[in-house]
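Written below as structure tokens is the structure these notes are about.
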């Protein structure tokens, strides 16, 4: 779903209208670009900024390009590649940029881009697919899942998209009712997916998915992960834990693997009843599955307690055990779909929590582009760059993870930043 509003995230389609410009921009001098373009004269690189145009309906985003994240400005006016549909997801893998349309039950689309030798986005493929809202890199593929929300038809469909041939090379089905195995007939609904070693971990929550109940669950106090072999996608087992509610959010990644192969599971504590009221009884917390294991160990980090009453709605891994988390005051939550306007550095190794300084006043922030790992991480793994849209502007903010400080950078005029990526190509000789 789309990053723009609450629980939705993003995808793409169509053709380049023109290269985006970058200027010196205003304001005080900024620190060096966290990941400056250049260096190797035989390559060309561009940041891919996706932005939703302001006051435009029926357009998911524009794909814009920039040379620098630390200063300057780019605009959506007469610029970039327009993406059709309302909700798009994006992922960069194998040096290609994939745009996936979430069709809300209707067919979606998969569009692929790469950077040409002059630094412009070039469309490689564009084909119809099922409407995906769970996806992620696995092996040489993008694994995509069309997740069922109906107890009458509990079959979810998975597809393997080969990132070299840009073709669907395998597909299969998962019966959500059989997987959940609940006496009341609730079905499993995947919140996201993560490749862990040679397996796929699919965190899920259960919901009634019927009649007037919809997202309601009678099992709010459990975390479940279905484990599958890859690439065969054969079911192996289900990992469970009763110290947190489900992992991630309704449409958000909650499971990330560190350099040691340990998988850290983030719970936003957001199960709901039939009236869509939040009914968490367990706190927002982080648990762990050690490398090579298919069971939770005794690791437990109570984020609600460490933050003074906040939940972690989204996160991006910044290396060395440090995450940038998007936080929301638990007492101010009105729905389960996310949100949040405050950022923090969460160190899972040392169990420390530090608020990030240098961002705009939380009261003025409308949107933060930190859903489904859409913050950009510099190659030296020291800086996380993400978009923050306020009542007056949309800027890239570059976060120095070590000091937990953010600096305002590139401005996107006429649009709301939803994702930041980067591509490289061989330069024209």
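Report whether or not residue 292 is in a loop (DSSP other than H, G, I, E, B) and modelled with pLDDT of 95 or more. Can you show your working first?
Values: in a loop (DSSP other than H, G, I, E, B): yes; modelled with pLDDT of 95 or more: yes.
Considered against the rule, which asks whether it is in a loop (DSSP other than H, G, I, E, B) and modelled with pLDDT of 95 or more, residue 292 comes out as yes.
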*asked:* Among (1) surrounded by fewer than 23 Cβ atoms within 10 Å (Cβ to Cβ); (2) under 20 Å from the mean Cα position of the chain (by Cα), there is one condition residue 179 misses while meeting the rest; what is its number?
replied: (2)
_Going through 139, 214 one at a time, which residue ends up being more than 23 Å from the chain's Cα centre (by Cα) and on the phi > 0 side of the Ramachandran plot?_
214
*Go through the stretch 233-264 and give me each residue that's part of a loop (DSSP other than H, G, I, E, B) and either more than 23 Å from the chain's Cα centre (by Cα) or on the phi > 0 side of the Ramachandran plot (or both).*
233, 234, 242, 243, 261
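Residues that are modelled with pLDDT of 95 or more, in contact with a strand residue (DSSP E or B) (Cβ under 9 Å, 6 or more places away or on another chain) and over 30 Å from residue 42 (Cβ atoms), at least 3 per element: which strands (runs of 3 or more DSSP E) completely within the stretch 389-429 meet that?
394-400, 405-413
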*Can we say residue 150 is outside any strand (DSSP E or B), surrounded by fewer than 22 Cβ atoms within 10 Å (Cβ to Cβ) and at pLDDT 95 or above?*
no
*Are there any pairs with C-beta distances below 6 angstrom linking a residue in the stretch 119-143 that is free of Cβ contacts under 8 Å to residues at least 40 places away in the same chain to a residue that is crowded, with 16+ Cβ neighbours inside 10 Å and in a loop (DSSP other than H, G, I, E, B), with the two at least 6 apart or on different chains, and if so which?*
131/103
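Go through the stretch 153-165 and count every residue that is assigned to a loop (DSSP other than H, G, I, E, B), crowded, with 17+ Cβ neighbours inside 10 Å and either out of contact with any helix residue (DSSP H, G or I) (no Cβ under 9 Å at 6 or more places or on another chain) or touching a residue at least 60 places away in the same chain (Cβ under 8 Å) (or both).
If we filter the stretch 153-165 for residues that are assigned to a loop (DSSP other than H, G, I, E, B), which is where we start, we get 153-154, 163-165.
From what's left, crowded, with 17+ Cβ neighbours inside 10 Å: 154, 163.
So of that shortlist, the ones also either out of contact with any helix residue (DSSP H, G or I) (no Cβ under 9 Å at 6 or more places or on another chain) or touching a residue at least 60 places away in the same chain (Cβ under 8 Å) (or both) come out as 163.
Going through the stretch 153-165 one residue at a time, the tally reaches 1.
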_Could you go through the stretch 227-243 and let me know if any residue there is in contact (Cβ under 8 Å) with a residue 40 or more places away in the chain and in contact with a helix residue (DSSP H, G or I) (Cβ under 9 Å, 6 or more places away or on another chain)._
yes
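Please state which one of 428, 341, 364, 392 is over 26 Å from residue 76 (Cα atoms) and either within 19 Å of the chain's Cα centre (by Cα) or surrounded by fewer than 19 Cβ atoms within 10 Å (Cβ to Cβ) (or both). Write out each step before concluding.
On the way: 341 fails: over 26 Å from residue 76 (Cα atoms); 364 fails: over 26 Å from residue 76 (Cα atoms); 392 fails: over 26 Å from residue 76 (Cα atoms).
After ruling out the rest, the residue left standing is 428.
Restricting to the stretch 273-286, name every residue that is in contact (Cβ under 8 Å) with a residue 24 or more places away in the chain, surrounded by fewer than 21 Cβ atoms within 10 Å (Cβ to Cβ) and on the phi < 0 side of the Ramachandran plot.
The first filter runs over the stretch 273-286 and keeps only residues in contact (Cβ under 8 Å) with a residue 24 or more places away in the chain, leaving 273-274, 276, 278-286.
Checking the rest, the ones that are also surrounded by fewer than 21 Cβ atoms within 10 Å (Cβ to Cβ) come to 273-274, 276, 278-279, 281-283.
Once the filter is applied, which keeps residues that are in contact (Cβ under 8 Å) with a residue 24 or more places away in the chain, surrounded by fewer than 21 Cβ atoms within 10 Å (Cβ to Cβ) and on the phi < 0 side of the Ramachandran plot, the stretch 273-286 yields 273, 274, 278, 279, 281, 282, 283.
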*Which one of these does residue 354 not meet: (1) under 24 Å from residue 286 (Cβ atoms); (2) surrounded by 18 or more Cβ atoms within 10 Å (Cβ to Cβ)?*
(2)
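Taking the stretch 368-388 on its own, how many of its residues are outside any strand (DSSP E or B) and under 20 Å from residue 99 (Cβ atoms)? Break it down stepwise before answering.
So the first thing to find is which residues in the stretch 368-388 are outside any strand (DSSP E or B), and the list is 369-375, 378-382.
Checking the rest, the ones that are also under 20 Å from residue 99 (Cβ atoms) come to 369-375.
Adding up the residues that qualify gives 7.
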*Could you list all residues from the stretch 113-137 that are buried (at least 21 other Cβ atoms within 10 Å of the Cβ) and modelled with pLDDT of 95 or more?*
113, 115, 121
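The values are calculated or read from the model by the stated rules, or taken from the named source; none is laboratory data. Just so you know, these numbers come straight off a predicted model, no measurement behind them. Positions of Cβ are backbone-derived with ideal geometry, glycine not excepted, and every protein chain shown enters the neighbour counts.
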